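The structure appears below as structure tokens.
The values are calculated or read from the model by the stated rules, or taken from the named source; none is laboratory data. Predicted model only: the values in this text are computed from it and were never measured. No Cβ is skipped: glycine too gets one built from the backbone with ideal geometry, and neighbour counts run over all protein chains shown. The protein model used for the area step is the full one, side chains on, heavy atoms only, and it has no ligands, DNA or RNA in it. Shrake-Rupley method; radii C 1.70, N 1.55, O 1.52, S 1.80 Å.
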Amino acid sequence: PDQVKQADAEVMASLGVHVKGENRSGTYILHDFHPLSLVAQSDDFELLPIAEALKKHDWLGEKYYWKAVSVDQDKYTEICASVSEPQGFFIHVKKGAKIAFPIQACLYISRGKIAQRVHNIIILEEGSELQLITGCATGPDVSTGAHLGVSEQYVGKNAKLTNTMIHSWGPKMGVCSHTGTIVEEGGVFVSNYCSLRPARNVQIDPRTWLNGPNASAKYVTIVLGSRGSTIDTGGEVYLNGVNSSAELAHRAVCTGGHIYQRGMLIGNAEGCRAHVDCAGMVLDAGEDGFIQSVPGLRALHPGARMSHEA
């Protein structure tokens, strides 16, 4: 905590990240390119910088690193893969462990005109549970720069991961986030995303594979698009497991920005159930502000039951 300036600590607190770690099971803070804080308060999980974890665990690179997100998915993933030593965090929750308090991570940019490239990996073993709070932000005086993020999440059998991600950016930032999540039998994944201060360009492209029977995923996305910003919230969920289920809920407020609400649900299995719901309010369109909603359903199995709000 002593390494974090008061003004930066106040920004982090607005994201739900408390530098002193009150009511938190672990803390990771990346300040520009340097980890400032790494605290794990339980033997039930491992929290490490991703570069250190890759050196410590050979199996991490073989089984998980760049397996849920492809290196060549687009130019941004290629840029993230090109760094000599990756930045970001690694969380591994042991079998059956239910972490009482959330783990918090903050990916923070304190100065302008830099590009932060981050790669995170989260692994939940069978029967484990974790709440993760991820805050991504720029400092009070930062307006320009870039944040490129890759996150890979693996939810084991009957495990549950709740990931709450809050963004608060400078007005001229460029942000691109790619997340790949694989959920096994009976696993539950919940994603809550909230944008407090929109960047100039924000591209969120999560993809989830529900590979086991009764696996489920729910995405709740809340964004504000102000004048000069373009926000594209994508998302694809592949319902591959029997009786798997998914829900995408997008909510947007436009005060002059360009907001694209996208969601694609792909039903591949017997008894799978899915719903996508996009809603928004245009309070001030300005010269050309708008909200464009594109809910998508693709049924590839006669037993799929899928719907959207229209």
Members of segment 197-242 found to be under 19 Å from residue 279 (Cβ atoms) and surrounded by fewer than 21 Cβ atoms within 10 Å (Cβ to Cβ), listed by number: 218, 220, 222, 224, 226, 232, 234
Qualifying residue in segment 142-154 (condition: touching a residue at least 40 places away in the same chain (Cβ under 8 Å), open to solvent by less than 40 Å² (accessible area, probe 1.4 Å) and not in a strand (DSSP E or B)): no
Just one listed residue, out of 306, 281, is under 27 Å from residue 185 (Cβ atoms), in a strand (DSSP E or B) and open to solvent by 40 Å² or more (accessible area, probe 1.4 Å), and it is 306
Yes or no: segment 182-189 includes at least one residue that is outside any loop (DSSP other than H, G, I, E, B), open to solvent by less than 20 Å² (accessible area, probe 1.4 Å), within 18 Å of residue 258 (Cβ to Cβ) and hydrophobic (A, V, I, L, M, F, W, C). no
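Residue-by-condition table, conditions (1) under 20 Å from residue 205 (Cα atoms); (2) of a type in the set (A, V, I, L, M):
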residue	(1), (2)
66	yes, no
84	no, no
89	yes, no
93	no, yes
97	no, yes
100	no, yes
103	no, yes
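If you check residue 93 against the conditions, is it touching a strand residue (DSSP E or B) at 6+ places or on another chain (Cβ under 8 Å), open to solvent by 40 Å² or more (accessible area, probe 1.4 Å) and more than 24 Å from residue 169 (Cβ to Cβ)?
Criteria not met by residue 93.
Does residue 261 satisfy the criteria of being touching a residue at least 12 places away in the same chain (Cβ under 8 Å), of a type in the set (S, T, N, Q) and surrounded by fewer than 19 Cβ atoms within 10 Å (Cβ to Cβ)?
The answer is no for residue 261.
Applying the selection to segment 28-86, what residues are assigned to a loop (DSSP other than H, G, I, E, B), on the phi < 0 side of the Ramachandran plot and open to solvent by less than 20 Å² (accessible area, probe 1.4 Å)?
Matches in segment 28-86: 68, 69.
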